[in-house]
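Below is one structure; the comments refer to it alone.
The values are calculated or read from the model by the stated rules, or taken from the named source; none is laboratory data. Small disclaimer: the values here were computed from a predicted structure and weren't measured. Quick reminder, even Gly has a Cβ in these numbers, built from the backbone with ideal geometry, and neighbours come from all protein chains shown. Each accessible area value is taken on the protein alone, full model and side chains, heavy atoms only, with ligands, DNA and RNA left out. Shrake-Rupley method; radii C 1.70, N 1.55, O 1.52, S 1.80 Å.
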Amino acid sequence: RTLYWCLVGRNVDLARLADDDLPRTDVAMTDLIIVQARMGSTRLPGKVMRPMNGKPMIRYLAEGLSMASGDVVYAIPAKDNEILGSFLRSCWAKVFAWSGDENAVAGRFAAYLEKYPADRFFRICADSPLLDWRLLQAAQALYWPEYVKVHSPVGCVELFDTAAFLRVLPGMAY
């Protein structure tokens, strides 16, 4: 499987790089894995709860991420707490229901980071049920000072340095 990382718009095939070429960290860091989930898709409402082979789509992602290291939080709009939040809690997932504007992504992340402090955080979209938790593991082994995106044909993981994110937050429209 080919994994790519993207930094400032540049894609590089990780399979073609030697291990020594990859930026890695030996520093112990606290990781927060934020899974953005909502029922309000415009093209397919409720898609994260749609059944796939007998299970809600988000269940596949939850099962995979249960093997990842780091604190996994499912970030959902408060209006989805009854259906989506209840289901995720039944899977022993940690849920953060945010009552602000669900389109204010930067504001949501700031709220999550206030409740769950971490050195860096990873953003995963809940509509990637086939995302392999090992992709997250690969991203966790990398270190970049601000932002990296690791993607495969079935999903992507974005890594943000919390301090860098909070530094640019005041200039973001949210």
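Some values worked out for this structure:
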{"quantity": "Any hit, region 105-120, residues being of a type in the set (Phe, Trp, Tyr) and more than 21 Å from residue 48 (Cα to Cα)", "calculated": "yes"}
{"quantity": "Of residues in region 80-127 being open to solvent by less than 60 Å² (accessible area, probe 1.4 Å) and part of a loop (DSSP other than H, G, I, E, B), the one farthest from residue 46 (Cα to Cα)", "calculated": "118"}
{"quantity": "Region 65-93 residues that are free of Cβ contacts under 8 Å to residues at least 12 places away in the same chain, paired with ones that are surrounded by fewer than 14 Cβ atoms within 10 Å (Cβ to Cβ) and among the acidic types (Asp, Glu) (beta carbon under 9 Å, 6 or more apart)", "calculated": "none"}
